[in-house]
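Read through the structure below, which is laid out as structure tokens, and then see the notes.
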Amino acid sequence: MIYKIKPPHTSNPAVIRWVEEMAALCQPDTLVWCDGSDEEKARLTEEAVARGILIKLNQEKLPGCYYHRSKPDDVARSEDRTFICTSAAEDAGPTNNWAAPKEMYRKLHGFCAGAMRGHTMYVVPYLMGPPGSSLTKVGLELTDSLYVVLSMRIMTRMGNVAYEHLGQSEDFNRGLHCMLEADPARRYIAHFPEDNVVISTGSNYGGNVLLGKKCFALRLGSWLARKEGWLAEHMLILSAESPDGEKTYVTAAFPSACGKTNFAMLVPPPQFAGWKIRTVGDDIAWMKPGADGRLYAINPEKGYFGVAPGTNAETNPNAMAAISHDTIYTNVALTPDLDVWWEGKTREPPPQLTDWKGRPWTPGSKETAAHANSRFAAPMSNNPACAPEVNDPQGVPISAIIFGGRRATTMPLVYQAFNWIHGVYVGATMGSETTAAATGAVGKVRRDPMAMLPFCGYNMGQYLHHWLRMRKKISVPPRIFHVNWFRRDEQGNYLWPGFSENMRVLKWIVDRTRGRADACEAPLGWVPGPRDFDLRGMKDFSPDKLAQAQNINVEEWRREVLGQDDLFFELYADLPKELTLQRELLVARL
Ligand code: OXD
Ligand code: MN
């Protein structure tokens, strides 16, 4: 019935059966079993260029780089079209869209029936995590998008390595992506946690369709993590090595487009010569208690799917190096000689560009040249600061967990929670101004517990219970901190310069976990005292300015605590009582 370009690279009957079932549903003309080889990459890239899916960029300036332009209404994650389909609606909880699995299967199978006629279905096997790790999991994505196949090859360990890890097991994530001409009316990102299945239709945007990332590693991952006793989190992982060669591993949860990639690739300022920051991951951490009672983290991904605007040689030189070759760019602007540009790449824009919609652009044009959520997909091995530990099946032991959002007011630059339970409260009540990474209004403060609001694959109240329960399994818990790089003064100027200067905050955090830095007790938690925070060499920055960035304004905090009501109301049925108590204690301290 189906013409097979190559035979399957596995004899696993569950894989073959499922692929044949889905192929019978979608009815592609051709079925291609991908193996992850270089030959395959070259062949598929050539085909993508010939079909106009990718544009070959200037190979002298950007060797191995290609460009993709999406449909203008398919440029960000579609949270309103994202569903958790569990038998009981309570399992999805009040912060997720819910649908009954049977109905959603019926609807999406209806959309997919015969939808690949005249097209090819690619079978993409991939690993989330390094081979040989007990945390690593296998996924299979079936897709009719060449852009997805080539991006998955960057973002995951794609190919036969996944079949080797899987053996004859039936335990793999089943992902079906059917592009449906990126039709918004048929756009659904539906998760079926009880079956470890995800079906994505009507989109070709990375966060909706690279199914290993948000769908498997976070939404279904968080479901599996609760069941199996670990944590799947929206966190970067970095290694901070002191001049003495002592390494401290830190994770940080910031919402989308709030600087996780920049922080994970931080280059310390000259006063911190000898410190080395290396990237283990820039978006997702899977963490599990180790035999020694510490929490160990792996980065399940193999690449970076980062936001281009604002990235430049000053804000993130490591990212600029990482995206200088073998990268797929999406929705940035193009120069006449097929180089790429986006707002913030250079101080002066080039005189002439083609914008992300393919129209001529000049600096006088009204709209931005690149889309605000334009992206790059680059292999992590391109990053000069990539930590060698990324391939360590053991993962890295975490000493600190940082929560943070984008807040113009209220939130100080840094404070440390008193203990794990207080830290869970700090993470649970995190707020952040919304960004272009998701469709919808930009710049509104929304509560985003642990930066997981769009990514928690089950009831958010239960998720917070799970965090509290995990404490009992971790005898050496990481210390928990909160940071805000985005506070502004009354004139709207940022109070903290951010980027490489964030090293100063990170050093205090590292020193706190090592018992070396002092702190003062404040209503929110522990804060650095004037002598504990290294301001040497900072231009136009005085201890007064630090005091302003650290200020706790009781009026603002009154509003902040009241602002948590919406979340507490929403989660009421499942809200851990510990968090209500923490809120009472905070009010008492204020
Ligand atoms: C991402 C996101 O792409 O969070 O990482 O939107
Ligand atoms: Mn993310």
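The values are calculated or read from the model by the stated rules, or taken from the named source; none is laboratory data. Since we're looking at a predicted model, the values are computed, not measured. Backbone-built Cβ (ideal geometry, glycine too); neighbour counts: all protein chains shown. With ligands, DNA and RNA removed, areas are computed over all heavy atoms of the protein, side chains included. Shrake-Rupley method; radii C 1.70, N 1.55, O 1.52, S 1.80 Å.
Here the 3J(HN,Hα) profile of region 66-78, calculated from phi with Karplus coefficients 6.51, -1.76 and 1.60 at θ = phi - 60°, is 9, 10, 10, 10, 8, 5, x, 9, 9, 10, 7, 5, 9 Hz, Gly and Pro shown as x.
Residue pairs exceeding 22 angstrom between C-alpha atoms, taken from K473/K577; K288/K577; K137/K288; K260/K577; K227/K288: K288/K577; K260/K577.
Only helices enter the 222 nm calculation for the chain: every DSSP H run of n ≥ 4 contributes -39,500 (n - 2.57), and dividing by all residues gives -7500 deg cm²/dmol, rounded to 500.
Ligands, DNA and RNA left out, the 1.4 Å accessible surface of region 438-590 is 50% carbon and sulfur atoms. Of all aspartates and glutamates in the structure, the ones whose alpha carbon falls short of 18 Å from that of K56, not counting any fewer than 8 places away in one chain, are D38, E39, E40, E46, E47, D326, D337, D339, D355. In this structure the amide hydrogen of G431, modeled in the peptide plane, comes within under 5 Å of the amide hydrogens of D448, none closer than 5 places in sequence on its chain.
Backbone phi angles across region 322-329, fed through the Karplus curve with coefficients 6.51, -1.76 and 1.60 (θ = phi - 60°), yield HN-Hα couplings of 5, 9, 8, 7, 6, 10, 9, 9 Hz in residue order; Gly and Pro are listed as x. Net charge in the neighbourhood of E60 (other residues with Cβ under 13 Å of its Cβ; Lys, Arg +1, Asp, Glu -1) is 0.
Split the chain at each of the GluC sites (Glu not before Pro) in a DSSP loop with at most 14 other beta carbon atoms within 10 Å, and the longest piece is 368-489. Can you return the lysines within cross-link range of K247? Criterion is Cα-Cα under 16 Å, with same-chain partners fewer than 8 residues away left out. Partners found: K276, K507.
Note on K61: lysines with a C-alpha under 23 Å away, same-chain residues under 8 apart excluded, are K41, K345, K357. Among the trypsin sites (Lys or Arg not before Pro) in region 172-273, none sits in a DSSP loop with a Cβ that has at most 10 other Cβ atoms within 10 Å.
The loop-placed trypsin sites (Lys or Arg not before Pro) in region 62-158, going by DSSP, that have at most 10 neighbouring Cβ atoms within 10 Å of their Cβ come out as R117.
For N299, the shell of other residues with beta-carbons less than 10 Å away shows a net charge of -3, using +1 for Lys and Arg and -1 for Asp and Glu. Between V267 and any residue 5 or more places off or on another chain, the built amide H atoms are never under 5 Å apart. Tell me the trypsin sites (Lys or Arg not before Pro) within region 512-590 that lie in a loop according to DSSP and have at most 16 other beta-carbon atoms within 10 Å. Of the trypsin sites (Lys or Arg not before Pro), the ones in loops of region 512-590 whose Cβ has at most 16 other Cβ atoms within 10 Å are R514, R516, R531, R536, K539. Here the 3J(HN,Hα) profile of region 352-358, calculated from phi with Karplus coefficients 6.51, -1.76 and 1.60 at θ = phi - 60°, is 9, 9, 10, 7, 5, 8, x Hz, Gly and Pro shown as x. Taking amide H positions as modeled 1.01 Å from N, with prolines and chain starts lacking one, the residues under 5 Å from F481 and 5 or more places away or on another chain are I401, I402, F403, A417.
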